[in-house]
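This report concerns only the one structure given below.
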Amino acid sequence: MRLASDIGGTFTDIVLASEDGRTFEIGKTLTTPASPETAVVEGSRGVIETAGASSRANVSHIVHGTTLFTNALIERKGARTALVTTAGFRDAIEIAREHRYDMYDLYMRRPVPLAPRYLRFEVEERVLVDGSVRTPLEERSVQALVPVLKAERIEAIAVCLIHAYVNDAHEKRVGEILAKALPGVSITISSELVAELREYERTSTTLANVYVKGIAERYLGRLEARHKEELRLKGQLFVMASNGGVCDAATATRFPVRLIESGPAAGALAASHYGALTGHKDLLSFDMGGTTAKACVIANGEPLIAPDFEVAREYQFKKGSGLPVKIPVIEMIEIGTGGGSIARVDRLRRLAVGPDSAGAHPGPVAYGQGGSEPTVTDADLALGYLDPAFFLGGRMQLDVAGAQRAIADKIARPLSLSPLAAAAGIHQMANEAMASAARIHAIERGKDVSKFPLFAFGGAGPVHAYGVARILRIPTIIYPLGAGVMSAIGMLTAPLSFDMVRTLPGGLDSLDWKRVRHVVREMESEGRATLGRSIPRDDITFKRYADMRYRKQGFDVRVALPDGTLDAGQLDKIRERFETAFEAVYGHRVPDTPVDVVSWRVVASGPRPKLRLPDMPAGKGKAKALKGRRSVYLPDTKGLAEVPVYDRYGLAPGETLSGPVIIEERESTVVIPGPAKIRIDHWRNLIADLATKS
């Protein structure tokens, strides 16, 4: 039996499932920001009690995802961090790249390094690009830093020396000296985390890792202890990683930067799993929670993987304005639009929504916890889309009058609108922002979004999916059962996985294949040792990749390598694979041009867990599932109308419905405020076919 928990900015989701599908319990509770593990423990206790006392002893795997480390980077609430680097390179992290994310903004702000200049230190040493040593490490220059680091009360140190990715001897020695002299201080050396070229990105990644390392050690330690002591669970703790796999707690505490996008990655895995169930290999995954919304293209049954991404973007989510992190991550776009996103009238008397959020506390005005600013959830409630007496299955009552009053006072009156029109404007602006982000994400990957069914999940996703699909002219929406906890469900499908990379550049036609094979074997041994702590080594499989480019180009394309021995006999296959991958990204090939390999990668994986969805009871049929009718805002008529409301759990597979309609479940509400034909499939997914006029 497997237990999954996903901490979001507003809610924490829990799923308990057995391999045979007989046990499948889900729960949702408000996140507890001051003590995030508290919501996990309380939510887990609830689903375990529902499943029965015997389930406690059968939990063998505990999988966890969290935004804690992302938030620490965004809010700059990590450790007091120093950087130790090669003499002459102290400012490389601040110089960054010459590219400007906004060419014409004279006041453009670059991302501020996690280690300020006065906490960046140099040591005497120099390794050249081929790994040879020009200047041996002067150990006295390292020892001289110790009293300074103590005086500055440093809590974490990133060690990132030039070309350490090709020769890490100096870097390891610096780490050893500092670890011995400064017990209790977290230390990360770049060659253990990201052994590849590009010193700016490598340094930024190393800083990000050690900046949150102490938080990870303390938090995961508390979580593991409370699982054992309060819940009496004996299962091993795993943590969801950004690459779509999971890692054990030891790996997670050593490399917490790998966990930064863990929750959203799990949602993409869930979309892939349900796409296979429903016969859709291509999907647009749409996840809207309380704080953010995420869109991800699922192509040929798998989410796309990027070799790096940015966190904590400074300016309008523009690429280049954040901290680069070189770790594999499921490609998606994330924007600050969620149920808790705050609506306001800006200085130009225009309606604006987000990106700031009311979060879990105080939350939307409707939560009755002291919130005073109108949010997207308040607008959805005012439009009749949510039942104030059935939020979270009736465990939380919503304040309709308070939500309406906040919208009237803060939005409607300043804009001379009716409260209903103001609420509709908030809802529509949220839809437009999310649709625009999804369209850009798909176009950047060469995909026509209108040809992809929309897979809608998250607590607020099914409320807004219809509007987003209409804007994007998407003809089909899939609403899975349990949409409100779908990222936690996705964690149950994630295999144990670990990525490794080594830079070993050379021309494809002149590679030292013996050295290549040695490097690949080293990575496979590392992966076997890492995963072997949790699963039998015979269950571990490997996939090999190379980062390749045409000669004299500046950036690479990742290429899956063929099976078998890597040698000159594979040249034609590898080149063809590179040119196919290059053409897929850039739309053309460059024939008769030499090809270079920059880095080699190995992904070690365990077996993918089997997730069997529970066999559903027959259902009462839609006549008995009809709960009543509710006055709901319809965008096509710009007015209120009585709409049927159904209990989702009472609908039987094979039945059909017509929109407009509301379908309620405990963790989310499906809102279809316009024409659509809806059918219920074998797994109780709702498949809606839309009339797609804008």
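The values are calculated or read from the model by the stated rules, or taken from the named source; none is laboratory data. Here the structure is a predicted model, which is why all the values come from computation and not from measurement. FYI the Cβ positions are ideal-geometry reconstructions off the backbone, even for glycines, and counts take in every protein chain you see.
Does the stretch 144-156 contain at least one residue that is in the same structural domain as residue 98 (by TED's automatic domain parsing), closer than 26 Å to residue 67 by Cα and outside any loop (DSSP other than H, G, I, E, B)? Scanning the stretch 144-156, I find at least one residue that is in the same structural domain as residue 98 (by TED's automatic domain parsing), closer than 26 Å to residue 67 by Cα and outside any loop (DSSP other than H, G, I, E, B), so the answer is yes. Would you call residue 237 at pLDDT 90 or above, among the hydrophobic types (A, V, I, L, M, F, W, C) and outside any helix (DSSP H, G or I)? Answer is yes for this residue. Looking only at the stretch 566-584, residues that are surrounded by 12 or more Cβ atoms within 10 Å (Cβ to Cβ) and either among the aromatic types (Phe, Trp, Tyr) or in contact (Cβ under 8 Å) with a residue 60 or more places away in the chain (or both) come to 5 in all. Checked against the criterion of being of a type in the set (Lys, Arg), over 22 Å from residue 243 (Cα atoms) and out of contact with any helix residue (DSSP H, G or I) (no Cβ under 9 Å at 6 or more places or on another chain), the stretch 515-524 has at least one qualifying residue. A count restricted to the stretch 333-358 and to residues that are modelled with pLDDT of 85 or more, within 28 Å of residue 668 (Cβ to Cβ) and either in a strand (DSSP E or B) or of a type in the set (A, V, I, L, M, F, W, C) (or both) stands at 7.
Please go through the stretch 193-238 and pick out each residue that is under 17 Å from residue 72 (Cα atoms) and β-branched (Val, Ile, Thr). Hits for the stretch 193-238 are 205, 206, 210, 212, 215.
Residues in the stretch 631-649 include at least one that is surrounded by fewer than 20 Cβ atoms within 10 Å (Cβ to Cβ) and assigned to a helix (DSSP H, G or I). Remark: residue 199 matches the filter, which requires a residue to be at pLDDT below 95 and either touching a strand residue (DSSP E or B) at 6+ places or on another chain (Cβ under 8 Å) or surrounded by 21 or more Cβ atoms within 10 Å (Cβ to Cβ) (or both). Restricting the stretch 492-532 to residues that are of a type in the set (S, T, N, Q) and not in a helix (DSSP H, G or I), the residue that is modelled with the lowest pLDDT is 493. Within the stretch 538-545, is there a residue that is touching a Lys or Arg at 6+ places or on another chain (Cβ under 8 Å) and in a helix (DSSP H, G or I)? Looking through the stretch 538-545, none of the residues is touching a Lys or Arg at 6+ places or on another chain (Cβ under 8 Å) and in a helix (DSSP H, G or I). The residue that is surrounded by the fewest Cβ atoms within 10 Å (Cβ to Cβ), among those in the stretch 78-104 that are free of Cβ contacts under 8 Å to residues at least 40 places away in the same chain and of a type in the set (Asp, Glu), is 98.
Residues satisfying the criterion are absent from the stretch 554-565 (criterion: part of a helix (DSSP H, G or I) and surrounded by fewer than 13 Cβ atoms within 10 Å (Cβ to Cβ)).
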